[in-house]
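The structure under discussion appears below in the form of structure tokens.
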């Protein structure tokens, strides 16, 4: 039964690394919907954001909600930095690195104080937010920003849910396996790009 659940989880994550579809057009769908859909169509974003939830669940305690909150908050700062036209070097390489690193943090279930975990997560989130700001296009900034922040939070909750799906030590193991698969997905994306 546990192997069946792991297979389902891996299949869902595998679908996340499939080629991305075009982002929703803000003119046709509205800025909020464009923002909501935006993180869902980039496999690097999906993998990193789900991995944040996995690692937060493995850390437990206050990190369960502080790590995702740090990601969303720092991502909003990165978004604002991009809107101000301030450059941020190495955005795409750091985003790809975030998938591998956060996946490895989940795979190894590396334990650290919540504040340090928040700093690690926040560093990577700054680059994710900057990328979103750079891809704003014709969307309204506030509605688009609210949309992708909500979508990001839902992806974090998906990671937390995946880690808790099995419960106990089985959930811990499943989260570590999915974290490892996430890191491998990040390496694959880096080599494919």
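Annotations
- Part-to-part distance (alpha-carbon centres) for segment 166-193 and segment 149-165, which is given in Å: 14 Å
- Segment 61-103: C-alpha gyration tensor shape, a/c 1.5 cut-off, then a/b vs b/c: oblate
- Relative protection proxy for 80-90, 145-155, 46-56, 181-191, from highest mean packing down: 46-56, 145-155, 181-191, 80-90 (other beta-carbon atoms within 10 angstrom).
- Measuring nothing but how far apart in sequence close Cα pairs (under 8 Å, 6+ apart) lie, relative to its length, segment 43-192 scores a relative contact order of 43 percent.
- Of the Cα atoms belonging to segment 43-192, the radius of gyration and Dmax stand at 14.7, 47 Å.
Computed from the coordinates by the stated procedures, all read-outs in this text should not be read as laboratory data. Because the structure is a prediction, the values reported are computed rather than measured. A quick note on method: Cβ atoms are made from the backbone with ideal geometry, for glycine too, and the neighbour counts reach across all protein chains shown.
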